[in-house]
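First up is the structure itself, then whatever we jot down about it.
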Number of protein chains: 2
Amino acid sequence: MEAEAAIGVDIGGTSLKFAAVDREGRVLRHWTRPTPAIDPSEGIMRELLAGIDKLLAELKEEAPELRVAGIGIGSAGQIHKRDGSVAFAVDTIPGYTGTPIKARVEERFPELPTFVDNDVNVLALAEKHYGAGRELQDFVCVALGTGIGGAIVQGGRLVHGVYGGAGELGHLSVDFNGPRCSCGNYGCIELYASGTGIERLLKERFENAAKPAWALNAAGLLNAWQSGDALAGEAMDVVLAALGSALAGVVHALNPEAIVLGGGIVEKAPALLAAIEDATRSRTSPVMWKHVRLLPAIAGSRAGVIGAAAQVWQYT
Amino acid sequence: MEAEAAIGVDIGGTSLKFAAVDREGRVLRHWTRPTPAIDPSEGIMRELLAGIDKLLAELKEEAPELRVAGIGIGSAGQIHKRDGSVAFAVDTIPGYTGTPIKARVEERFPELPTFVDNDVNVLALAEKHYGAGRELQDFVCVALGTGIGGAIVQGGRLVHGVYGGAGELGHLSVDFNGPRCSCGNYGCIELYASGTGIERLLKERFENAAKPAWALNAAGLLNAWQSGDALAGEAMDVVLAALGSALAGVVHALNPEAIVLGGGIVEKAPALLAAIEDATRSRTSPVMWKHVRLLPAIAGSRAGVIGAAAQVWQYT
């Protein structure tokens, strides 16, 4: 069988990651470049095209027998499924909304099929091809990081919705009287169980009390909680109750076989997965719970490029 | 073209509805029977088989030129998509869980393809074939009645999840510190915006105050609200805030083209649709809102049998 590789690129607010990935998800080569700070939208396109060029040239030189099957790109922001442009991006990448990623890449590399999707959607593809989702048809990915991202797979395919914005599970409200979220809703789960949400909770909790040394951020809270600190336990009870309520809602709405949990927060605290499972199980109807599992996501920073490249295997 | 009809049956806690429906969704004949109160699981099966028998005999007699293409059944409870049995039913129909509906019907009518699904899922099929969903690929149905039911259509197909339980949108939590729900979660939207949820809210609100005459149930509240009563307006603000938060979450999670709203509560108060739209819009990010509409469902009690029959056209 012919040796094949796909180009995978992961575009984020701080870096662009490039890799050549084979059909089995093995990274053949990879590197990282910082996201340009000045005129980032045009800068990202310049880095993207130059990076793919460089990767193709190196592969041609060093592995001439390899057939490059296509280009897969995962990007921060919401991506239009129709034309692979940026439908919406928050201010982390100023001016990024509207960038025609797919059109620019296809213009430069017309011989290679190109696919662009949201960064969490491509993480779900990485799970489906190489991770927890290999045997699954219906699952949900939730990434607990600075914010909360999500992706939904049903019948083995990503759920995109009308333009590609589906999967924003961080904006399920768990308190309709809660604080206002940037999305317009109130009490979104992102305000309770993401890195920034946990910081907000800690600030609120210790506003009128002596603040323990650990109570600065999510990492501090998770460490203190894992060490058995009682105050940290109380703060974590709020995080877990909010997250358990949101995930139980997701289970009732989608009846998935699994919720695949990843992101920096989960990777930092291995005990967290079991605690989230308890909080979710106790809020889910038994008949739904019987069919669902909580599973850890593929860890590490390369899941993004591997999932981006997996689009090529998924769609060609 | 040959004249065709499908048998549609709607099994609920109070009645079984039977109809012969043509491909255009026209009801050719129909009748209703009360749900047997004694040994309801076996009684429903007896009524179901006898009712289909009677309908087939009448059609043969009165419209011998008509080809019967199959049988579609919509039922209360959660239905196993694999074998058309009842995966779970609440106590409205005691002993109904486990009833092998599809197997029993196929045993009796082996020549007719038989399809069984949840009652709200078949309402979504009615919308897709004959209602608000005709031009849509990605939409969500929400039925506000005694409880809150839901159904999700993505890419023109019902989302069933792993066994068929998907779409329980009434069990999205909007207050993780709220009252306990029968499903195990806290503060489910069903506790705020269904008939029973509104009764609960009214009871709570007027526990320590003189209760206005209208404040007994959802119909009373909706009438008083539509007449401009100030107290009713305050109570409705809570209902609408909770419902708007839940629906905004659904929009962010699924990026649908439309939310199709139906059920007794919506039919009773035409002004409600616009109020729910306002409450949802103000909680949804503009880029998501731009692509979504709130639409009224097919009204009336025949949507259930029409949707049940539509399974035959959808799947054969």
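Be a star and scan region B:79-98 for residues whose amide nitrogen sits under 12 Å from the point 7 Å along the Cα-to-Cβ vector of A:VAL287.
It comes to B:79-81, B:85-98, nothing else.
Kindly rank A:207-220, B:256-269, B:79-92 from highest to lowest mean number of other beta carbons found within 10 Å of each residue. Provide the component values of the computation, followed by the final result.
On the way: A:207-220: 13.5, B:256-269: 21.8, B:79-92: 18.9.
By packing density, highest mean first, the sequence is B:256-269, B:79-92, A:207-220.
Residues in region A:132-146 near a label at A:ARG200, defined as backbone nitrogen under 20 Å from the 7 Å Cα→Cβ point?
A:142-146
Provide a whole-number value for the mean count of partner chain Cβ atoms within 10 Å of the Cβ atoms in peptide A:274-284.
Counting other chains' Cβ atoms within 10 Å and averaging over A:274-284 gives 2.
Using +1 at the Cβ of each Lys and Arg and -1 at the Cβ of each Asp and Glu in region B:136-296, identify which of B:VAL238, B:ALA274, B:SER173 lies farthest towards the dipole's positive end.
B:SER173
Can you compute the equivalent ellipsoid semi-axes for the protein assembly as shown, i.e. the square root of 5 times each eigenvalue of the Cα gyration tensor, sorted largest first and rounded to whole Å? Show your work: numbers first, answer last.
Values: eigenvalues 380, 208, 95 Å².
They are 44, 32, 22 Å, listed from largest to smallest.
Within 10 Å of each residue's Cβ, count the other Cβ atoms and sort B:ILE11, A:ILE52 from fewest upward.
A:ILE52, B:ILE11
Between B:ALA20, B:ALA299, B:ALA50, find the one with the highest GNM mean-square fluctuation for chain B; connect C-alpha pairs within less than 10 Å.
Judging by the Gaussian network model, the answer is B:ALA50.
Scanning chain B for helices, which whole DSSP H stretches are 24 Å or more long along the axis (Cα) and average 0.0 or more by Kyte-Doolittle?
The qualifying helices are B:230-254.
Which semi-axes, in whole Å and largest first, does the equivalent ellipsoid of region B:210-316 have when worked out from the alpha carbon gyration tensor as the square roots of 5 times its eigenvalues? Write down the numbers at each step before the final one.
Numbers: eigenvalues 160, 90, 18 Å².
Ellipsoid semi-axes (Å, largest first): 28, 21, 10.
Once the Cα gyration tensor of region B:137-215 is diagonalised, what are the square roots of 5 times its eigenvalues, in whole Å and ordered largest first, as equivalent ellipsoid semi-axes?
31, 14, 8
Please state the relative contact order of chain B as a whole percent: Cα pairs under 8 Å, 6+ residues apart?
With pairs under 8 Å counted, the relative contact order is 20 percent.
Please compare each pair in A:LYS290/B:LYS17; A:LYS17/A:LYS203; A:LYS128/B:LYS102; A:LYS17/A:LYS102; A:LYS54/A:LYS81; B:LYS17/B:LYS203 to a cut-off of 24 Å on the Cα-Cα distance and tell me which ones are over it.
A:LYS290/B:LYS17; A:LYS17/A:LYS203; A:LYS128/B:LYS102; A:LYS54/A:LYS81; B:LYS17/B:LYS203
Quick one: B:SER41, B:SER173, fewest Cβ neighbours within 10 Å first, how do they rank? Spell out each step's value before the answer.
Values: B:SER41 18, B:SER173 34.
Neighbour counts put them in this order, fewest first: B:SER41, B:SER173.
Would you mind computing the Rg to Rh ratio of region B:136-296 from its alpha-carbon coordinates, Kirkwood style for Rh?
Using Cα coordinates only, the ratio equals 0.97.
Only four residue types carry charge here, +1 at the Cβ of Lys and Arg and -1 at the Cβ of Asp and Glu. Report the dipole size of the protein assembly as shown about the Cα centre in Debye, rounded to the nearest 20.
Values: 56 positive and 72 negative charges, 49 e Å.
For this selection, approximately 240 debye.
Per residue of A:86-93, how many C-beta atoms from partner chains lie within 10 Å of its own C-beta, taken as a mean?
Counting other chains' Cβ atoms within 10 Å and averaging over A:86-93 gives 1.
Based on a Kirkwood Rh over C-alpha pairs, give the Stokes-Einstein translational diffusion coefficient of region A:197-254 at 4 °C and viscosity 1.567 mPa s in µm²/s.
For the chosen part, D equals 107 µm²/s.
Return P(r) of region B:166-206 (all Cα-Cα pairs; 10 Å bins starting at 0; whole %; ordered from short to long distances).
All Cα pairs considered, the percentages come to 32, 56, 11, 1.
Starting from the Kirkwood Rh over alpha-carbon pairs, what translational D in µm² s⁻¹ does region B:36-100 have by Stokes-Einstein at 10 °C and 1.306 mPa s?
In µm²/s, the coefficient rounds to 119.
For B:VAL27, place a label point 7 Å from Cα along the Cα-to-Cβ direction in every copy; what are the distances to the other copies, in nm, shortest first?
Listed shortest first, these distances are 6.1 nm.
Tell me the relative contact order for region B:29-92 as a rounded percent, counting alpha carbon contacts under 8 Å between residues six or more apart.
In percent, rounded to a whole number, it is 14.
In the protein assembly as shown, with Lys and Arg counted as +1 and Asp and Glu as -1 at Cβ, which of these residues, A:VAL292, A:GLY155, A:GLY84, has the Cα nearest the positive end of the dipole, that is, farthest along it?
Value computed over the given set: A:VAL292.
If I model a spin label at B:ARG33 and A:ALA50 as a point 7 Å from the Cα along the Cα→Cβ vector, what separation in nanometres do I get?
7.7
Report the local net charge at B:GLY150: Lys and Arg +1, Asp and Glu -1, summed over other residues whose C-beta lies under 13 Å from its C-beta. The partial results should precede the final answer.
Details: positive: none; negative: B:ASP119, B:GLU127, B:GLU168, B:GLU190.
With Lys, Arg at +1 and Asp, Glu at -1, the net is -4.
For region B:87-152, what does the alpha-carbon gyration tensor say about shape, rounded, prolate or oblate, given a ≥ b ≥ c as the root eigenvalues, a/c under 1.5 as rounded, and a/b over b/c as prolate? Intermediate results must be reported in sequence, preceding the final value.
Working: a/c = 3.37, a/b = 1.31, b/c = 2.57.
Judged from the Cα gyration tensor, region B:87-152 comes out oblate (a/c at least 1.5, b/c at or above a/b).
Which distances, in nm and shortest first, link the B:GLU65 label point to the same label point in every other copy, taking 7 Å along Cα→Cβ?
7.1
Please list, short to long, the whole-number percent of alpha-carbon pairs of region B:22-131 in consecutive 5 angstrom bins beginning at zero.
2, 11, 19, 23, 21, 15, 6, 2, 0
Using helices alone, I'd like the mean residue ellipticity at 222 nm for chain A: each DSSP H run of four-plus residues gives -39500 (n - 2.57), total over residue count, nearest 500.
-12000 deg cm²/dmol
With no solvent and one point on each alpha carbon, what is the Debye value of log10 I(q)/I(0) for chain B at q = 0.08, 0.09, 0.10, 0.15 Å⁻¹?
-0.37, -0.47, -0.58, -1.19
Based on the Cβ-Cβ distance from B:THR316 to B:LEU273, what FRET efficiency comes out when R0 is 22 Å, to the nearest 0.05?
0.05
What share of all Cα pairs of region B:58-185, in percent, falls into each consecutive 5 Å distance bin?
It works out to 2, 10, 16, 18, 18, 15, 11, 6, 2, 1, 1, 0, 0, in whole percents.
Rounded to the nearest Å, what's the spacing between the alpha carbon centres of region A:282-316 and region A:132-197? Just the number, please.
That distance is 13 Å.
Every number here is computed from the coordinates shown, using simple stated rules; none is lab data. Not measured: the values here are computed from a predicted model. Don't worry about glycine lacking a Cβ; one is built from the backbone with ideal geometry, like all the others, and counts go over all protein chains shown.
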